[in-house]
Amino acid sequence: MYLRFYNLKEEPFSLSPDPDFLYLSEVHREGLANLRYGLIQKKGFIVITGEVGTGKTTLINALLSEIPQEVKTAFISNPKLKTEEFFFLLSRAFKLGNGDNKAKFLINFTEFLERLDKNGENVVLIIDEAHCLPEKLLEEIRLLSNLETPHSKLLNIILVGQPEFEKTLDHPGFRALKQRITLRYRLKPLSKEETREYIKVRLSRAGSKDVGVFSEGAISAIYRYSKGVPRVINLLADRAMLTGFVKETKVIDDKIIRECAAEIGFGNAELNRVEKDRLKKNDRETKTGRHLLRAGLAFLILGAILAIFWFVSLSNAERQKLITDLTILFSGELWEK
Ligand SMILES: Nc1ncnc2c1ncn2[C@@H]1O[C@H](COP(=O)(O)OP(=O)(O)OP(=O)(O)O)[C@@H](O)[C@H]1O
Ligand SMILES: [Mg+2]
């Protein structure tokens, strides 16, 4: 809708994991290096994790787009599968018949892997959304990784999922699988500097000659709301460009970002956070006041008890003298007043 207004050839902030728009931040560069390593080496499992929207699938797609033809790849993007469905998918991906029988599949698959290994070819199984893998299937996958020669594994396995997958792997029941993981890498959100670069790279890949569409204030606001998570950056930036187009504004400022964030629901979240912080602060202050009051009261009571003990310990004459002195003192004060 806004493409012509901003002189763009395509949408710069689409939500699809398109590798043509890949921006290599430090973590994405390292993540991709790990995936490439997983592809070349025949050593075991590679595990890549990252919070929602940090670019895991985009990274896999980038890897798939550069994999040479001779590398045989199976990519499973939805692993919520029964074991037999999983074998069926693998059979289809590697063209090994219909795979309706586990024993038959394992025989065919082993022959296939051994043949490719003799030819120096490589086989990779990539599983996205690995945190959704049923435990039973995860165990089957571990058993597949046992297919090996004395020197190397016959199958490379790359598992990609959200951080809770790390917890699954830490479970004692999966210690055998954990021992086979040669590389683990966690994707993190972008820094503020990277968020700025990311926005510019995506604008220029979409054909923009002017990558300064977003003001510095707008970029800071995008970073504040998105905390550097690429999907949220895309969501906000896309919405902001649409709003900019409607308002016929060539440069998007922080006010537009704030408006869009509120429309999407981030504004409320941000306000809620501020309100929670304020309540927490008030609560802390009230608690401090209460502690001080209690300490003061305790001090007074202790003083009174000590005074009573001291008064009781005096002789009759001393007590009489004290009462007379006090009477003179107070009557003197009263007289002065
Ligand atoms: N390094 C990157 N370069 C360019 N775009 C990116 C990058 N990382 C993420 N994105 C963009 O952010 C969005 C979300 O990315 P992606 O779907 O890869 O995240 P994810 O980690 O797989 O999320 P989920 O956990 O929900 O599966 C996509 O639009 C993608 O294009
Ligand atoms: Mg994904």
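Determine if region 234-242 includes at least one residue that is farther than 14 Å from Phe13 by Cα and modelled with pLDDT of 95 or more. Working first, answer last.
Initially, region 234-242 is screened for residues farther than 14 Å from Phe13 by Cα, giving none.
No, region 234-242 contains no residue that is farther than 14 Å from Phe13 by Cα and modelled with pLDDT of 95 or more.
Residue-level check: of (1) open to solvent by 10 Å² or more (accessible area, probe 1.4 Å); (2) part of a strand (DSSP E or B), Ile158 misses just (1).
Condition check ((1) under 17 Å from the mean Cα position of the chain (by Cα); (2) loosely packed, with under 15 Cβ neighbours inside 10 Å; (3) within 15 Å of ligand 2 (Cβ to nearest atom); (4) not in a strand (DSSP E or B)) across all residues:
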position: Met1; (1), (2), (3), (4): no, yes, no, yes
position: Phe5; (1), (2), (3), (4): no, no, no, yes
position: Ala33; (1), (2), (3), (4): no, yes, no, yes
position: Thr49; (1), (2), (3), (4): yes, no, yes, no
position: Thr54; (1), (2), (3), (4): yes, no, yes, yes
position: Leu59; (1), (2), (3), (4): yes, no, yes, yes
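Would you say Thr182 is within 16 Å of ligand 1 (Cβ to nearest atom) and either open to solvent by less than 40 Å² (accessible area, probe 1.4 Å) or in the same structural domain as Phe87 (by TED's automatic domain parsing) (or both)? In short, no.
Consider region 76-88 and keep the residues that are more than 16 Å from ligand 1 (Cβ to nearest atom) and open to solvent by less than 70 Å² (accessible area, probe 1.4 Å). The one that is farthest from the chain's Cα centre (by Cα) is Phe87.
On the basis of being open to solvent by 10 Å² or more (accessible area, probe 1.4 Å), part of a helix (DSSP H, G or I), more than 30 Å from Lys227 (Cβ to Cβ) and basic (Lys, Arg), does Arg92 make the cut?
In short, yes.
The residues in region 55-105 that are of a type in the set (Ser, Thr, Tyr) and free of Cβ contacts under 8 Å to residues at least 24 places away in the same chain can be counted, and the count is 1.
The values are calculated or read from the model by the stated rules, or taken from the named source; none is laboratory data. A quick note: this is a predicted structure, and the numbers were derived from the prediction, not measured. With ideal geometry, Cβ positions are generated from the backbone for all residues, glycine too; neighbour counts draw on all protein chains shown. For the accessible areas, the whole protein counts, side chains as well, though only heavy atoms, and no ligand, DNA or RNA atoms are used. Shrake-Rupley method; radii C 1.70, N 1.55, O 1.52, S 1.80 Å.
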